[in-house]
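Notes follow the structure.
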């Protein structure tokens, strides 16, 4: 079957994708690296000059960078924590037989399909508005002062919003994994007198370990680049309270037109993402051999 | 011995699960309800849940805005265009790698996956400058290319995991029966590959429809899809909650429905086959 002829044919079939992906990623990336060594501002054309690592030094010693890095880590970490813990619990709950299981599952995964700009504006206005929002109504209902969510607790609000978007993803993946758990093993453990808590610790959690890792890695990739949610709700503010690395690079490039500095920031973002990516690629690679 | 589930426990689980589902779904539901309120009712405190005067005027108003259809049409164009282009390039690639793997196949697949790890801000500046210089800013063609390339690794991976599941023995059998390569592909492989291709198409449409980094950064008016249209409500039109809700409902409805139909396949595509 796999003659030399078919192998050559296969190479020709794969080649276009490889070439296109190469052009799409490697070439712009090299350009970003090149720009990052230049003094290059769109408002000051004709004055481009090689400055070596100056942009990096400038970017990495800028207090804004550390604020943005801190915000990025807090955002990613908190959302991961909420979605993984919530996702595991929800997956176990929704895996039990109950009335209307199908519809309840659909309701839980729905937020994942809502486009980011819609989620962001619905939360910002309909829910979190301090005067007419639904949360303000709930606050008044229990007799506390309504909270100005995006004004006073901007980063927390973004975390809640993003966690709401990604909880369905974690639940969906983990639900698939829980579903593949062998019922007989659960039964055997129960007959041996395992309570629900030890059942969870010794049977369910180890079975989910792999899916949880996948959820963490994939979410991290996407969460490091959260942009639209910040863009339409807070615009990075108040101050720099909700500026993450992605938004910082965007504002440096397209609002301040500092191509050199923004490129250096972009490369820093790439390095951060790659640290995560190495683990994910390795895990998926293992799966490929199996 | 079958597991015995008491009715009491089932009722308890039903209550808990429905409560959780309701809380998570609430923002979508609230948006849906608000889209049928008058602007005055949308702001009222305490809010009315079901007993307000239901009206469809918000939908009418949004649809009357001459530009709504252009944004919607752009969304359709972008997602269908990038999907078609993606299939054209990815089907042969996945096919080749699944049916005649070489010693490079594994490395190629992982390299493709790794390109997906690149944060878009890492290439935003060169892409933006190239688009500006080549006159591609705010064109559908430019954005279709970006969305196509962005999702290409996912499409190839997803198709690859599906094609790999097609048993090779069946090809041998067909060949024994005297089928030519063309007939083999048409009558044996294609029918088995169609479900995988269909779910790949669904996932790609969903991802392109909701993409909101490149669509916000590379478009202004002409090629702007619904993500950008909704973003334009952020201010000062954000004051019109009922209209925002109506526009949002229309923007997300097709994708929620598609998504609901393809949950299982999504898991496979989104985890690169690591969770099935």
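Taking the criterion of being over 19 Å from residue A:54 (Cβ atoms) and part of a helix (DSSP H, G or I), would at least one residue in segment A:260-267 satisfy it?
Taking segment A:260-267 and keeping what is over 19 Å from residue A:54 (Cβ atoms), we get none.
No, segment A:260-267 has no match at all.
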If residue A:262 satisfies every condition in (1) crowded, with 24+ Cβ neighbours inside 10 Å; (2) touching a strand residue (DSSP E or B) at 6+ places or on another chain (Cβ under 8 Å) but one, which is the exception? (2)
Over segment A:35-54, the set of residues under 30 Å from residue A:217 (Cβ atoms) and in a helix (DSSP H, G or I) is A:35
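Please verify whether residue B:124 is in a helix (DSSP H, G or I), within 21 Å of residue B:90 (Cα to Cα) and in contact (Cβ under 8 Å) with a residue 40 or more places away in the chain, treating the condition exactly as stated.
Numbers: in a helix (DSSP H, G or I): yes; within 21 Å of residue B:90 (Cα to Cα): no; in contact (Cβ under 8 Å) with a residue 40 or more places away in the chain: yes.
Against the criterion (in a helix (DSSP H, G or I), within 21 Å of residue B:90 (Cα to Cα) and in contact (Cβ under 8 Å) with a residue 40 or more places away in the chain), residue B:124 does not qualify.
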Working only within segment A:246-279, note down all residues that are within 7 Å of chain B (Cβ to nearest Cβ), over 30 Å from residue A:47 (Cα atoms) and in contact (Cβ under 8 Å) with a residue 24 or more places away in the chain. A:273, A:277
Based on this model, can you work out whether residue A:243 counts as in contact with a helix residue (DSSP H, G or I) (Cβ under 9 Å, 6 or more places away or on another chain), over 20 Å from residue A:31 (Cα atoms), part of a helix (DSSP H, G or I) and touching a residue at least 60 places away in the same chain (Cβ under 8 Å)? no
Of the conditions (1) more than 7 Å from every other protein chain (Cβ to nearest Cβ); (2) closer than 28 Å to residue A:11 by Cα; (3) more than 18 Å from the chain's Cα centre (by Cα), residue B:106 fails just one. Which one is it? (1)
Can you find a residue in segment A:230-237 that is away from chain B (no Cβ under 11 Å), free of Cβ contacts under 8 Å to residues at least 40 places away in the same chain, touching a helix residue (DSSP H, G or I) at 6+ places or on another chain (Cβ under 8 Å) and closer than 30 Å to residue A:151 by Cα? yes
Could you tell me which residue of segment B:185-217 is surrounded by the fewest Cβ atoms within 10 Å (Cβ to Cβ), considering only residues that are within 11 Å of chain A (Cβ to nearest Cβ) and free of Cβ contacts under 8 Å to residues at least 24 places away in the same chain? B:216
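Restricting segment A:219-229 to residues that are part of a helix (DSSP H, G or I) and in contact with a helix residue (DSSP H, G or I) (Cβ under 7 Å, 6 or more places away or on another chain), which is nearest to the other protein chains (Cβ to nearest Cβ)? Walk me through how you get there before you give the answer.
Going through segment A:219-229, the residues part of a helix (DSSP H, G or I) turn out to be A:219-223, A:228-229.
Next cut, in contact with a helix residue (DSSP H, G or I) (Cβ under 7 Å, 6 or more places away or on another chain) only: A:219-221, A:223, A:228-229.
Details: A:219: 10, A:220: 10, A:221: 6, A:223: 10, A:228: 4, A:229: 8 Å.
For segment A:219-229, the residue satisfying everything is A:228.
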Has segment B:131-148 got at least one residue that is modelled with pLDDT under 90 and at the interface with chain A (Cβ under 8 Å from one of its Cβ atoms)? no
May I ask you to list the residues in segment B:141-165 that are touching a helix residue (DSSP H, G or I) at 6+ places or on another chain (Cβ under 6 Å) and surrounded by fewer than 18 Cβ atoms within 10 Å (Cβ to Cβ)? B:164
Check whether at least one residue in segment B:249-258 is buried (at least 17 other Cβ atoms within 10 Å of the Cβ) and over 22 Å from the mean Cα position of the chain (by Cα), and report yes or no. no
What's the number of the only condition in (1) modelled with pLDDT under 85; (2) within 12 Å of another protein chain (Cβ to nearest Cβ) that residue B:51 fails to meet? (2)
Counting just the residues of segment B:224-248 that are under 21 Å from residue A:250 (Cα atoms) and at pLDDT below 85, which one comes out surrounded by the most Cβ atoms within 10 Å (Cβ to Cβ)? B:233
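With a cut-off of at least 1 residues that are facing another protein chain (nearest Cβ under 10 Å) and buried (at least 17 other Cβ atoms within 10 Å of the Cβ), name the helices (runs of 4 or more DSSP H) lying wholly within segment A:71-157. Explain how you work it out, then say what you get.
Working: elements: A:101-109, A:116-121, A:134-141, A:149-152.
The helices (runs of 4 or more DSSP H) meeting that bar are A:101-109, A:116-121, A:134-141.
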In the set B:40, B:12, the lone residue that is modelled with pLDDT under 90, assigned to a helix (DSSP H, G or I) and exposed (fewer than 13 other Cβ atoms within 10 Å of the Cβ) is B:40
Considering segment B:74-103, residues that are crowded, with 24+ Cβ neighbours inside 10 Å, in contact (Cβ under 8 Å) with a residue 60 or more places away in the chain and facing another protein chain (nearest Cβ under 7 Å), and then whichever is farthest from the chain's Cα centre (by Cα), we arrive at B:97
Can you spot a residue in segment A:35-43 that is over 30 Å from the mean Cα position of the chain (by Cα), more than 18 Å from residue A:252 (Cα to Cα) and modelled with pLDDT under 85? no
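Okay, residues lined up against (1) crowded, with 17+ Cβ neighbours inside 10 Å; (2) free of Cβ contacts under 8 Å to residues at least 60 places away in the same chain:
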site	(1), (2)
A:5	no, yes
A:10	yes, yes
A:15	no, yes
A:21	yes, yes
A:28	yes, yes
A:33	no, no
A:36	yes, no
A:44	no, yes
Has segment A:185-203 got any residue that is more than 9 Å from chain B (Cβ to nearest Cβ), outside any helix (DSSP H, G or I), within 30 Å of residue A:125 (Cβ to Cβ) and at pLDDT below 85? no
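The values are calculated or read from the model by the stated rules, or taken from the named source; none is laboratory data. In this text the structure is predicted, and so the values were computed from the model without any measurement. Using ideal geometry, Cβ is built from the backbone for each residue, glycine included, and neighbour counts are taken over all protein chains shown.
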